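Worksheet for the structure shown next.
The values are calculated or read from the model by the stated rules, or taken from the named source; none is laboratory data. Given the structure is predicted, the values throughout are model-derived calculations rather than measurements. As a convention, Cβ positions derive from the backbone with ideal geometry for all residues, glycine included, and neighbour counts pool all protein chains shown.
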Amino acid sequence: MKAPHAEQLALLDVQEHDTKLAQLQHRLNSLPQTQELADLRERLARLRKEVIAAETIVSDLEREQLKADADVDLVRERSRKDRELLDSGSITDPKQLQSLESEIQSLAARQIALEDVELEVMERVEGAKAAVDQLTSDVSAAESREQELAAEVAGIESDIDAQKTSIAAEREQAAAAVSAELVALYDKVRADHAGVGAARLYRGRCEGCRLELPPTEVAVLKAAAEDEVLRCEECRRVLVRTSESGL
């Protein structure tokens, strides 16, 4: 392939813009804030599930507490009635009196046991509610940080997109100075070689693969016509000669 030397030099300009675009895209893809935001959103999802689970525990314990309260109230009422019956003097039979007193004592012991259960459930309810409060606070703090990070990422993305738009426009302008055939070759090579399709020949070294060219190849390049489109024998990138090529 042949192309005026000026077009070959313009191709280096195109490559420079493509490199800048690739660097911006890499920066966009590897923003630490983006990863932090993703990690934070995963944590938020876990926290929200934990809040639901904790609230369910509170609800179950509150039902358990209502039952414990009802059991204590029932025993207290039964004990009160027995005590009123005993104090009324309406029972004179010694066996009945003994039986009633025994029941009152049994109810008193039962009430103590049920009140212990009631107190235990109350403490568990308080602990479960404290857990809900802590988790809810954690969710609130994480949501605030999420909003901050999302705004920060959006700002960075907007800035990078603006830079990409500007550089892409400059790239198109540079590419307009190169023949379609040479651009097509460059694009094909660039796609196969990590985004670098054209490189300078600098002091006998290809700046694409960073290898020193053997003297025999340098001699061939030196003898080539100015409009000859050269390729590196090692990496096959388009090799552009400049005043610093050492030829």
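Observations, loosely collected:
- Check on Ser79, surrounded by 13 or more Cβ atoms within 10 Å (Cβ to Cβ), without any contact (Cβ under 8 Å) to a residue 40 or more places away in the chain and out of contact with any helix residue (DSSP H, G or I) (no Cβ under 9 Å at 6 or more places or on another chain): no
- The residue that is farthest from the chain's Cα centre (by Cα), among those in the range 206-237 that are under 16 Å from Tyr186 (Cβ atoms) and assigned to a strand (DSSP E or B), is Glu228.
- Restricted to the range 89-128, and to residues there that are surrounded by 12 or more Cβ atoms within 10 Å (Cβ to Cβ) and small (Gly, Ala, Ser), the residue that is nearest to Thr56 (Cα to Cα) is Ala128.
- When Gln147 is tested against the conditions (1) within 43 Å of the chain's Cα centre (by Cα); (2) in a loop (DSSP other than H, G, I, E, B), the lone failure is (2).
- Condition check for Ile112 on (1) among the β-branched types (Val, Ile, Thr); (2) more than 30 Å from Leu21 (Cα to Cα); (3) under 35 Å from the mean Cα position of the chain (by Cα): one failure, at (3).
- Of the residues Asp39, Asp87, Asp71, the single one that is closer than 30 Å to Ala154 by Cα, free of Cβ contacts under 8 Å to residues at least 60 places away in the same chain and assigned to a helix (DSSP H, G or I) is Asp39.
- Checking Glu152 against (1) exposed (fewer than 12 other Cβ atoms within 10 Å of the Cβ); (2) closer than 30 Å to Glu36 by Cα; (3) charged (D, E, K, R), the condition it does not meet: (1)
- Within the span defined as the range 119-134, one or more residues are part of a helix (DSSP H, G or I) and touching a Lys or Arg at 6+ places or on another chain (Cβ under 9 Å).
- Test for Thr165: is it more than 39 Å from the chain's Cα centre (by Cα), assigned to a helix (DSSP H, G or I) and without any contact (Cβ under 8 Å) to a residue 12 or more places away in the chain: no
- Here Glu233 meets the list (1) acidic (Asp, Glu); (2) at pLDDT below 90; (3) surrounded by fewer than 12 Cβ atoms within 10 Å (Cβ to Cβ) almost entirely, failing just condition (3).
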